[in-house]
């Protein structure tokens, strides 16, 4: 990214944060279907999408501490003020990126090169992994701790396996089939979200489940993209229908709001 682009991101990031502190709460940042990343403000059921994009990306994940974006193989880590902390140029078209909370939870998976990126406080460290024992396609990755990375894989029968990998050795520790979820999933605040015919199913490790009803449309099955827009908020979008939602999910609290299109401004 050119220096001017970095400065524009930082200035707008600070401006939106200041505006949020003075008036409308800022919920996070969401990436839309055209790749544009916008600040999201407001409260549940009354969301505002900033008309000005702060960046463009093929993949994005944000927490309250910062964000991880990927565009054309360039992976960048940002702090909460919009300052770029690190970057890594890869040949990966669509890497998996995730940041759960603090900057230390930032992680990116580059499947074609079998490399995992983590943040050591100074740079994005490339860790070669032995993924020969993986059975299925990795659809989500997160750091369980500083020493263990978790990979969630969808198998041919749509069952989901969770693989734990030791860091920094890069070796597989364990791999287990999850009894409940099927298909592509997302992990948020202890919940596991998986897709169903009616939208999303949110399940806790103890088996407690909630159905998150979205549009009742068969096109949504397997079509949803989930990205984190802040620590407690997720952006869920349908490529087939163009619809998208903001989901607050933290602890036992769950709330779903329709996300307005960037040209419309406010969701009702």
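Every number here is computed from the coordinates shown, using simple stated rules; none is lab data. Since the model is a prediction, treat every value here as computed from it, not as a measurement. Virtual Cβ from ideal backbone geometry, glycine too; neighbours counted across all protein chains shown.
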For this session: Take peptides 64-70, 79-85 and line them up by average Cβ neighbours within 10 Å, highest first, as a rough protection proxy.
Result: 64-70, 79-85
Seminar exercise, completed: Note on the range 3-258: alpha-carbon gyration tensor, axes a ≥ b ≥ c; rule is a/c under 1.5 for rounded, else prolate if a/b larger than b/c, else oblate; result oblate
Seminar exercise, completed: Stokes-Einstein, Kirkwood over Cα pairs, the range 72-220, 4 °C, 1.567 mPa s; D in µm²/s equals 79 µm²/s
Problem set entry | Separation of alpha-carbon centers, the range 110-168 and the range 46-77, rounded to whole Å | 22 Å
Seminar exercise, completed: Length gained, residue 253-residue 132, 0.36 nm per residue minus C-alpha separation, equals 39.7 nm
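Working from the pairwise distances between different alpha carbons, so that the mean of 1/r is found and then inverted, what is the range 113-175's Kirkwood radius in Å?
About 12.0 Å for the range 113-175.
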